[in-house]
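This report refers to the structure that appears directly beneath it.
The values are calculated or read from the model by the stated rules, or taken from the named source; none is laboratory data. In this text the structure is predicted, and so the values were computed from the model without any measurement. Cβ: placed from backbone, ideal geometry, glycine included. Neighbour counts: every protein chain shown. We work out accessible area using only protein heavy atoms, side chains counted, and drop any ligands, DNA or RNA first. Shrake-Rupley method; radii C 1.70, N 1.55, O 1.52, S 1.80 Å.
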Amino acid sequence: MENARNTFYLALRNQLAVVNPLRVLLLRGVERPGIMVEENESAVAFAIPNVFVLRWTKLSIDTQHALPLVAQVCEILYWTEGTSANGGLDRGRLLSAMDADLSQILVPRNALKQNFIVTPPAAMATRLFWNGAAFDGVVTTKNRISRMASVTVYSYEEAVEL
Amino acid sequence: MSTPMIVSPIVSTGFVKCRVRVYFGPVNRATEMPTLFDASLANGFQTNAPLSPWIDLGWIDNFQRKSSAKITGVSSGAPSIAQYQVRQTAGATVSFAFQQWTKLTMALAGGSEHMNVLVPAAGGAASGSGGIAGVAQTILFTGTTATSATMLNLSSTDLAKYSAGTLIAVDADYLGQVGFVGAAVSAAYIKSALSVNSDPDYVRRVTFNVARVEQVTAQGLQLAQPLIAGTPAVGMKVQPILGFVDREGGAFIQEWSALFVMSGEQGDAVFFHYPRLQAMEGPAEESTVLQEPMERLMLSAAFRALPIIDATDSQQVFCFRTYVPAPATTV
């Protein structure tokens, strides 16, 4: 399951670098595409604006098949307060841009699973796949607007993972 | 002095199961010899390691079996009163959906000739079930590692045509014979050489003797799964394939021996053995929604059971149902 989560993150991260190379974040002194996995980072007191944060929530495993089919729900959270140059009045436009970025980085909707237990990561036999994002409504908190989108990521647990 | 073991059985708890698994056995069509499941060997049947020669076809959904047997009364007198009963008709059908898409499941569910899509020769004309194929490679029976069901020795020149992951078909050249063809499994019936254009690759086009190359060694092709026909016979050749194609239409009807296994939650098991099943529908699919718009597509399958003569008492039989009770239950 962890391989699927990591593969999904890398797929989105690599796509984001193509779709919008300007959306970056600076974390621990390293600039990288503006997407991160909440459980892989230190707990922070503040959330970073204008980036995507992946949070893994629900899990189900269908064992009625030759290989267990794992469904993991990934909540993707993002927020913005606009730019100071525009007095924050462009926050709606920036959120829409993030909506568009997210839709694009979720394509293609599958990726070859990577085994991150070994170094370097090795290609596995199956592909994970996911549906389109289900977007929640915009939440407004003072001058901040945010949204959460959910994606269900499906993967087969291969023999080496069982 | 050892303490004698005492079993205090409980009443039967009924049969609770989650799913059904199916196994394939070939029917030799020329000799009309099915693969028989011996219930006396059923105890200890491992679903993940089935007894030879059964081949695992995986879990299935929507398993339904029906008996078309009709028993009617024979009446006499006035008023007419049933005095006896006789079996008027006998028969059985089975339907389910294969979860797995494989050569075997596609072929059995499709019912008709099932083609391997041979890698074509350059410049060939298009054909629905695959055009003229490239040249097949001769299997060698020399080398430090013997050719076997999982190892095919080839010349170094021929080996260069394969890579890990390639799908292959292994069988003999077509030499103009008529009748059933195919190693281990009767895959098609040839009425005349003309009907198959005397295609030397025809048998490999329909054979069930397929596998995937796991590794190309210095000597041959190491296969990821054993060939259904076992160690290749002298004269068999290997040919790369791209996939499989079945057709709506065709005259041939596949026949197979089936074993359906239901493992109970209490350690009991039910086995349904149909020695002869023939498809009674063409290729079809059914789907279950994974999450809109994603669907899992399964192979619909419906079969009519044909009888065999049970050697025990010479009765015509369509299906054998075996129940192995849970340990420590009354029977």
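Annotations
- Here region B:255-274 and region B:277-295 have alpha carbon centers that stand 22 Å from each other.
- When the Cα positions of A:Ala4, A:Asn86, A:Asn40 are compared along the charge dipole of region A:2-161, A:Asn86 comes out farthest toward the positive end, with charges on each C-beta of Lys, Arg, Asp and Glu.
- Longest segment of chain B lacking GluC sites (Glu not before Pro) that sit in a DSSP loop with at most 12 other Cβ atoms within 10 Å: B:33-247
- Taking every Cα-Cα distance in chain B and sorting them into 20 Å bins starting at zero, the pair-distance distribution P(r) comes out as 26, 50, 20, 4, 0 percent.
- Per residue Cα convex hull volume in Å³ - calculated over region B:256-301: 91 Å³
- For region A:67-76, 3J(HN,Hα) per residue [Karplus equation, 6.51 cos²θ - 1.76 cosθ + 1.60, θ = phi - 60°, Hz, x = Gly/Pro]: 10, x, 9, 9, 10, 10, 8, 10, 8, 10
- Most simply put, the protein assembly as shown has about 95% antiparallel DSSP beta bridges, counting only bridges with both residues inside it.
- Buried accessible area, chains B and A (both chains, 1.4 Å probe, Å² to nearest 100): 900 Å²
- Proximity of backbone amide H atoms, modeled 1.01 Å from N, is registered between B:Ala188 and B:Val181 at under 5 Å, excluding neighbours fewer than 5 places apart on the same chain.
- Ratio Rg/Rh, restricted to the protein assembly as shown and using Cα atoms, in which Rh is the Kirkwood radius: 1.08
- Region A:63-161 - Kirkwood radius from inverse mean 1/r over Cα pairs (Å): 15.9 Å
- Separation between Cα centres of region B:297-331 and region A:136-150, rounded to whole Å: 60 Å
- Computed label-point distance, nm, for sites B:Ser8 and A:Glu41 using a 7 Å Cα→Cβ extension: 6.2 nm
- Segments B:223-236, B:17-30, B:199-212 sorted - mean Cβ within 10 Å per residue, highest first: B:199-212, B:17-30, B:223-236
- Just so you know, the averaged projected area of the alpha carbon convex hull for region B:100-218 sits at 8.3 nm².
- Inter-probe distance in nm under a simple model that places probes 7 Å from Cα toward Cβ, at A:Ala66 and B:Tyr323: 3.2 nm
- With a 10 Å cut-off around each Cβ of A:8-18, the average count of Cβ atoms from other chains is 0.
- Per-residue mean of C-beta atoms belonging to partner chains within 10 Å, peptide B:291-297: 3
- Loop chymotrypsin sites (Phe, Trp or Tyr not before Pro), region A:5-81, which have at most 10 other Cβ atoms in a 10 Å radius of their Cβ (DSSP): A:Phe46
- Separation in nanometres of the label points that stand 7 Å from Cα toward Cβ, at B:Cys18 and A:Asn14: 3.4 nm
- Averaged over the residues of B:16-22, the number of partner chain Cβ atoms lying within 10 Å of the residue Cβ comes to 1.
- Computed over protein heavy atoms with a 1.4 Å probe, the accessible surface of the protein assembly as shown works out to 52 Å² per residue.
- Alpha carbon centroid spacing (whole Å) that separates region B:148-187 from region A:56-97: 50 Å
- Surface composition of the protein assembly as shown: carbon and sulfur make up 55 percent of the accessible area, probe 1.4 Å.
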